[in-house]
Amino acid sequence: QGLLARISDLLLCRWTCRNCCQKCFDCSCCQTNEDEVEILGPFPAQTPAWLISSQNEDKDGDSDNTISELPPTLQDVSPDRRRSSSDASRSTYSLTRRISSLESRRPSSPLIDIKPIEFGIIGAKKEIVQPTILRKTYTPDDYFRKFEPRLYSLDSNGDDMDSLTDEEILSKYQLGMLHFSTQYDLLHNYLIVRVIEAKDLPPPISYDGSRQDMAHSNPYVKICLLPDQKNSKQTGVKRKTQNPVFEERYTFDIPFLEAQRRTLLLTVVDFDKFSRHCVIGKVSMPLSDVDLVKGGHWWKALVPSSQNEVELGELLLSLNYLPSAGRLNVDIIRAKQLLQTDMSQGSDPFVKIQLVHGLKLTKTKKTSCMRGTIDPFYNESFSFKVPQEELENVSLVFTVYGHNVKSSNDFIGRIVIGQYSTGAPESNHWRRMLNAHRTAVEQWHSLRSREECDRVSPASLEVT
């Protein structure tokens with residue numbers, strides 16, 4: 001090999017011979033006899049003390065037991081050959097025996113005492129938990145009287161309805177029956193609800209005594225998919241009959257999986273031109289219990305409703321105030337599900353906006369009239385001159401009417417926004433407008449009756 005390779009072996013390998021610069025196991029001057037064994041392995045270069053003592057002890061034992069421990073095959077050969085072979089076997093056997101004895105004398109690994117590892121939060125303090133003593137709690141006598149059961153159930157008679165058949169419900173409440181059908185169109189992804197007819201409806205009930213015809217009802221049906229009661233639909237009004245035939249079909253754009261989670265609610269309402277519309281009864285059916293793709297027809301008995309009167313509708317408004325110009329801008333955007341005021345055409349609604357400063361009416365404006373609809377779109381804007389220092393003393397009165405050519409306009413609903421608001425939603429809308437700083441603020445409002453507005457808002461009493 002080259003000179004550089006030998007120099008590197010001399011510098012890097014600790015078993016390189018210092019005399020001939022060759023490997024210890026290759027050179028002739030470094031051959032060990034049977035008493036000197038170089039242990040190659042992961043031991044230090046110097047022979048440890050325990051190894052030196054073990055070598056001295058093994059020398060005496062080897063001289064006595066070498067011949068007796070020879071293999072049996074060596075005892076049959078000639079003395080000369082036995083002497084030469086015994087020399088080679090002695091060195092090999094002695095090396096093997098010494099290595100095995102060294103392995104047995106090698107110190108074993110230290111014992112490690114493994115203890116369970118405990119995890120804990122640094123800085124946490126141990127708290128002694130004492131068992132609590134069971135004590136009798138004190139319950140006042142009027143504790144359960146504060147609960148209102150109607151707030152925790154959709155229907156006070158819900159438990160009774162589940163255990164009764166349609167015939168038992170009909171004989172118990174005597175509100176009539178409703179015939180309808182449902183089917184889902186997978187091709188166009190909408191639910192079809194068909195209101196067919198009703199029979200044996202009860203005579204009308206007038207709560208305020210203003211109804212003229214107490215022998216016949218003017219029924220119509222409102223359809224919605226719970227829990228969404230805002231996007232409802234309704235049939236036309238059938239005049240003076242207790243067995244109306246509707247034969248009207250409605251569609252709801254809703255995914256199939258979502259439709260299976262909804263509950264179909266059909267509410268039969270009695271139309272009254274001179275009073276609030278009265279709810280006759282209702283039918284509810286979870287759509288998860290029927291095969292929507294196949295469809296089907298059902299006759300269901302009407303059950304009483306916790307809501308005796310229908311809602312008046314909703315109005316979408318936008319408010320904006322410009323401090324630099326001192327202008328209060330009002331946008332009448334749209335309305336939906338307004339109370340029907342005409343049997344044949346539905347309604348002809350319009351909105352009247354009145355500005356009340358303190359308790360004095362100062363300005364009146366109104367939108368255009370939308371013909372034959374209960375879901376009108378207006379998108380009309382109005383502006384009122386209101387100085388900033390007087391803004392906190394003004395109120396806006398919004399009243400929805402149904403246009404009537406033969407007599408006075410039919411009142412539908414009203415709300416008041418401003419100083420004398422009619423409720424928390426109206427006050428919240430006014431407060432948001434004051435904090436918006438020249439930004440229009442939109443909000444839906446549920447219409448209220450005239451009596452309710454007059455009771456809570458002095459501004460409602462100042463308008464007609």
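No value in this document is a laboratory result; all are computed from the given coordinates. Everything numeric here is computed off the predicted structure, so don't read it as measured data. Here Cβ is always computed from backbone atoms with ideal geometry, including for glycine, and neighbour counts include all displayed protein chains.
Here are the numbers:
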| item | result |
| --- | --- |
| Average projected area [Cα convex hull, the range 248-289], square nanometres | 4.1 |
| Theoretical gain in end-to-end length, Ala436 to Lys230 [0.36 nm per residue, Cα-Cα removed] | 71.4 nm |
| Sparsely packed chymotrypsin sites (Phe, Trp or Tyr not before Pro) within the range 218-284, loop by DSSP, other Cβ within 10 Å at most 11 | Phe274 |
| Cα-Cα pairs of the range 314-462 separated by more than 18 Å (percent) | 54 |
| Count of Lys pairs (Cα-Cα under 28 Å; at least 8 positions apart or interchain) in the range 314-462 | 18 |
